[in-house]
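The values are calculated or read from the model by the stated rules, or taken from the named source; none is laboratory data. Here the structure is a predicted model, which means the values were calculated and not measured. In this analysis, Cβ positions are derived from the backbone assuming ideal geometry, glycine residues included, and neighbour counts consider all displayed protein chains. The protein model used for the area step is the full one, side chains on, heavy atoms only, and it has no ligands, DNA or RNA in it. Shrake-Rupley method; radii C 1.70, N 1.55, O 1.52, S 1.80 Å.
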There are 2 protein chains.
Amino acid sequence: MAGEKGVKLLDFWASPFGQRVRIALAEKGVEYDYHEEELAAKSELLLKSNPVYKKIPVLIHDGRPVCESLIIIQYIDEVWPGKNTFVPSDPYSRAQARFWADYIEKKVYVTGSKLWKLKGEEQEECKKELVEIIKTLERELGSKKYFGGESFGLVDITLVPFASWFYVYEAFGGISVEREAPKLAAWAKGCKERESVAKTLPDPEKVYEHVISLRKRYGVE
Amino acid sequence: MAGEKGVKLLDFWASPFGQRVRIALAEKGVEYDYHEEELAAKSELLLKSNPVYKKIPVLIHDGRPVCESLIIIQYIDEVWPGKNTFVPSDPYSRAQARFWADYIEKKVYVTGSKLWKLKGEEQEECKKELVEIIKTLERELGSKKYFGGESFGLVDITLVPFASWFYVYEAFGGISVEREAPKLAAWAKGCKERESVAKTLPDPEKVYEHVISLRKRYGVE
């Protein structure tokens, strides 16, 4: 496939945003050089490639950087259309897919992070909010295999990295995704059967340990 | 043009998000029914059409709602490709356009609103942040006519409603866009020469009066 030699990913193993990009590249069968970044000592290449946010993930394709995970996923989909396309061809379904990817982007990480950063009443508020988000996604999924129907796509790629965080939600917030949203839990299991997802997502216990270290860094404990 | 009879827009006159959609529809020459919403008494149609956020703008096309302004703009571009397309055909340029539209979406409204909501040191912080955002956009614009070059597109449509807020930034924050970012100020003037923009953007003084009433509602004064 043309251009693959020139594909580099600046990333961090635990990042759900980076994992999205790794899953998208794996789905398309694109080979790339993986550069693990140290968040406390970012590389010159990262600072130069993403001067606005200075954040991973950055996909560098033929020397040109693309930033922000949802934008990178759409870029990958357009450059390597291949057999699996991530967005539906019908404009209305495509708008719906973008709406839900954007909903996940706005809600899940922010609320999930507050869950292990906050305590007491604020944490309780946050728990309710996260349960509401999970139930909203469960309703949207319905009895479909993937969010887009039979085809694994943009919304699935956007959400699935958080499946490794379900254990964290249970450990710090007592939220059982299996109980609150059984179809979403089954969807997560189904996604993990895909090679692209299985090889990308870290063990939930490893994510839990990572969160413990983050809590220490933020002085939560 | 097919389907135009079935286009409705739920909106609110002062909303920069709604204005984006009106500009996009005007650029494509799409006729539609405009429904002004009262934000204190939202219509049943709005609540039913956007159950997730319950917010304007919502574009209803042949009975099906599309929500979130940036998603609506892309939907309009795909359904009515016409002579002006809002995003470049090259995937890399398209990713860049999406990046900047997303940057504006994340930064401008939130920071601009804080400017007239906050006081003292917090407001000073916010001023610095808004100036940095304006200068970042100025750098990205460079000496191009529009953000995408010769063609008025996604990034321009996303940003231009805030041109009516420049007066508010000056009145409440002492920020002169003309002084901080002369090219951006010239770009805004150029955009206002387009009929789509001229007929959509409210008078800056009307926006100022609106902000005065918002400040009263939020108890800032």
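Shielding of peptide A:89-102 by partners, expressed as the average count of other chain Cβ atoms within 10 Å per residue Cβ, is 5. The aspartates and glutamates within cross-link reach of A:LYS8, meaning a Cα-to-Cα straight distance under 19 Å and a gap of 8 or more places when in the same chain, are A:GLU27, A:GLU31, A:ASP33, A:GLU36, A:GLU37, A:GLU38, A:GLU44, A:ASP62, A:GLU68, A:ASP77, A:GLU78.
Count, for each residue of A:57-67, the Cβ atoms from other chains sitting within 10 Å of its Cβ, then give me the mean as a whole number.
Per-residue shielding by partner chains comes out at 2.
Within the stretch B:135-221, report the trypsin sites (Lys or Arg not before Pro) that DSSP leaves as loop and that have at most 15 other Cβ atoms within 10 Å. Of the trypsin sites (Lys or Arg not before Pro), the ones in loops of the stretch B:135-221 whose Cβ has at most 15 other Cβ atoms within 10 Å are B:LYS144, B:LYS145, B:LYS199.
Other residues with beta-carbon under 11 Å from the beta-carbon of B:LEU159 carry, at +1 per Lys or Arg and -1 per Asp or Glu, a net charge of -1. Placing unit charges on each Cβ (+1 for Lys and Arg, -1 for Asp and Glu) gives chain B a dipole about its Cα centre, and among B:TYR109, B:VAL87, B:LEU39 the Cα reaching farthest toward its positive end belongs to B:TYR109. Evaluate E = 1/(1 + (r/R0)^6) for A:SER151 and B:ARG64, where r is the Cβ-Cβ distance and R0 equals 25 Å; express this FRET efficiency to the nearest 0.05. With a Förster radius of 25 Å, E is 0.75. For the stretch B:115-146, the residues whose amide N sits under 19 Å from a probe point set 7 Å from the Cα of B:TYR218 along the beta carbon direction are B:115-134. One way to sum up the overall shape of the stretch B:91-218 is the equivalent ellipsoid from its Cα gyration tensor, whose semi-axes run 25, 17, 13 Å, largest first.
Ignoring ligands, DNA and RNA, how do A:LEU59, B:LEU70 rank by accessible area with a 1.4 Å probe, largest first? Walk me through the intermediate numbers first.
Numbers: A:LEU59 0, B:LEU70 30 Å².
Ranking A:LEU59, B:LEU70 by accessible area, largest first, yields B:LEU70, A:LEU59.
Based on the convex hull around the alpha carbon atoms, the stretch A:7-79 presents an average projected area of 4.4 nm². For the protein assembly as shown, dividing the convex hull volume of the Cα atoms by the residue count gives 164 Å³ per residue.
Here chain A is treated with +1 on each Lys and Arg Cβ and -1 on each Asp and Glu Cβ, and its dipole about the Cα centre works out to around 140 debye. With label points defined 7 Å past Cα in the direction of Cβ, position B:HIS35 shows copy-to-copy spacings of 5.0 nm, given to one decimal and shortest first. In order along the stretch A:139-144, the phi-based Karplus estimate (6.51 cos²θ - 1.76 cosθ + 1.60, θ = phi - 60°) of 3J(HN,Hα) comes to 4, 5, 5, x, 9, 6 Hz; Gly and Pro are listed as x. Each of B:GLU36 and B:LYS106 was given a label point 7 Å from its Cα along the Cα-to-Cβ line. The distance between the two points is 3.6 nm.
Taken about its Cα centre, the protein assembly as shown carries a charge dipole of about 120 debye when Lys and Arg each add +1 at the Cβ and Asp and Glu each add -1 at the Cβ. Separation of the stretch A:131-162 and the stretch A:53-80, taken as the distance between their Cα centroids, equals 23 angstrom. In a reduced charge model with +1 at each Lys and Arg Cβ and -1 at each Asp and Glu Cβ, the stretch A:7-79 shows a dipole moment near 220 debye about its Cα centre. Of A:ASP90, B:ASP203, the order by accessible heavy-atom surface (1.4 Å probe, DNA, RNA and ligands excluded), from most exposed downward, is B:ASP203, A:ASP90. DSSP assigns beta bridges within the stretch B:7-79; of those with both partners inside it, close to 70 percent run antiparallel. Between copies, the label points of B:TRP13, set 7 Å from Cα on the Cα→Cβ line, lie 5.9 nm apart, reported in increasing order to one decimal in nanometres.
Only protein heavy atoms count here; on that basis, with a 1.4 Å probe, B:LYS127 has an accessible area of about 50 Å².
Between the listed residues A:VAL52, A:LEU9, A:TYR75, the Cα displaced farthest toward the positive end of the dipole of the stretch A:1-111, a dipole computed from Cβ unit charges relative to the Cα centre, is found at A:VAL52. Sorted from closest to farthest, the other copies place their A:ARG139 label points 4.3 nm away, with each point set 7 Å from Cα along Cα→Cβ.
Once A binds B, the 1.4 Å probe can no longer reach about 2300 Å² of accessible area, counting both sides.
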